[in-house]
Amino acid sequence: MGLLIALPLGMWLANRSAPLFLGLAALCFIASAVAAEGWMPLLRRMRQGLRAPAGLALGGFLLWALISIAWSHRIGASIAMWGELALPMAGGFAIATSGRFRPGRPESRALAVALVVAAILMMAELATGLSLRIALDIGKQVTYIFNRPALVCLVLLPAAVAGLSLRRRDGALDWLLAAVCVVVVAMISFDSDSGAAGLGFLILALTGLAARLLPRITLVLVALGFVATMALAPVIGRLGDEALPQALHERLANSHSRDRVDIWLSFGEAIRARPLLGSGFGTSPTLDRHPVALEVSPPRRQLLAVGHPHSAPVQAWVETGAVGAALLTFAGLALLWRLRHLPARDLAPRLALAAGAFGVATVAHGAWQGWWIAALALASVWLFCGLPSTDTDG
C-alpha cells in the first residue's frame, strides 16, 4: 500500500517510475494473497475477471496487438512496447483480484497528501527554474519533465477525493483535505507545460459535477462522445483542419494545436492506407521507416517521424487498424455499461476519471506508455476496490 501511495512522489522524482511502483506493489499483494489462502481462490478470481465483457475485450486487444507485431517493421521494438502496455495492465489486474487491496479512508487521506506534496514540489521546482536539479546535475533539466507526473496526479485525483468524501457525515478535515487536493492538482495541471493536463482537469471537473446532478444523461453523453471519438479518429485531422480557424490556433500556440492537426493529417493518411489491420503494434515511433510511409503523400510523410500521433484513438487505428479500434471501443463501452446502476455519488468519480483520462489521451502523449497505463490502472483499481457501492456489478 505504501508503494501505491508513494507513486505520485516517485513520478516527481523520476517521471517514468509508475510501472515500477505498481509492479512491486502487485507482487506484494499477490504474495500476501497466496500466503493467506493459497493459489486456487486467487486463480478463481482472475478467471472471473477475465470472463467479464471488459476483460474479454481488453484481453482480445492485447492478443490482437501481439499478432499484429508480425507485420511490424521493427519486431523487437514492438514487442518491448507491447510489454510496456501489458505489464502495468497485468499489475493492476493482479492487485484488483488479490482480494487484499481494500483502501479505506486512512489510505485515501495518505494518497491525497501524497498528491498535494508532489504537486507542490513540482510547482516549487518550476518557480525556481529547476535550480536544484541543475545544481545537483540530475535528470533532464527542462520544465516539460513534469508533464507526466502532473497527469498522474490528475488521474489519481478522483480516487483520492472520492475516498475522502464517501458520506455526508464525513469529517470537516476530510472535506478540507479533499478541497485542498483539488485546488493544488488544478494548479499544477495549469502550471505545467502540458496543455492536455489543463484540458483534462476541466473535463474531469465538469463531468464529475454533471454526473452528480444528471447522472444518467451524463453517462450517455460520455459514452456517445467516446464512441464518436474512436470512430472519427481516422479523419480527426481533416475535421480539425476544417473546423478550427487560424485565429484559434494562434491563441492556442502554447498547446501546439496546429502541429497536432498536421500530425493527425499525416497519420490519418497512414490509417487509410491500411485501415483494417493497421501497420502493426508499436510502429508509430518510427512509422516514417515503415513501408506504409510510401503510401502517404510526400508533404505529409515527414511528420510520421514525430514519435507518436499525440492521440490514443489515432494511434490505436494506425497500429492495430479497425480490428484493434473496435476491441478498445467495446472494452470502453463495457466498462461504462457497468456503471449504469450506480447512484450519482458513486458514479461521479468513476465517470470523471473515464472522461478526463480519455480527453487527455485523445490529444496528448503516446497511447501505450507504461507510466500512463500504470496511473490509469491504479486509479481504476482504487475506485473499484476502495469505494463501497450498492451495485455489486460496479
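So the values come out like this:
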| quantity | calculated |
| --- | --- |
| Exposed trypsin sites (Lys or Arg not before Pro) absent - longest run of the chain, DSSP non-H/G/I/E/B, at most 11 other C-beta within 10 Å | 170-394 |
| Over the range 1-150, relative contact order from alpha-carbon pairs under 8 Å, at least 6 apart, % | 37 percent |
| Stokes-Einstein D for the range 254-303, Kirkwood Rh over Cα pairs, 4 °C, 1.567 mPa s (µm²/s) | 115 µm²/s |
| 5 Å-binned pair-distance histogram of the range 32-191 (Cα, whole percent) | 1, 8, 12, 11, 12, 14, 15, 13, 8, 4, 1, 0 |
| Inter-centroid distance (Cα atoms) of the range 107-124 relative to the range 300-348, Å | 29 Å |
| Spatial separation of Cα centroids for the range 351-385 and the range 1-69, in angstrom | 14 Å |
| 222 nm mean residue ellipticity, helices alone, for the chain (DSSP H n ≥ 4; -39,500 (n - 2.57); rounded to 500) | -23500 deg cm²/dmol |
| Convex hull volume per residue for the chain, taking Cα atoms only, in Å³ | 147 Å³ |
| Column: log10 I(q)/I(0), Debye, Cα scatterers of the range 134-186, q = 0.12, 0.13, 0.26, 0.27 Å⁻¹ | -0.41, -0.46, -0.96, -1.00 |
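Every number in this text was worked out from the coordinates using simple rules, so none of it is lab data. Predicted model only: the values in this text are computed from it and were never measured. Every residue, glycine among them, receives a Cβ derived from its backbone with ideal geometry; neighbour counts consider all protein chains shown.
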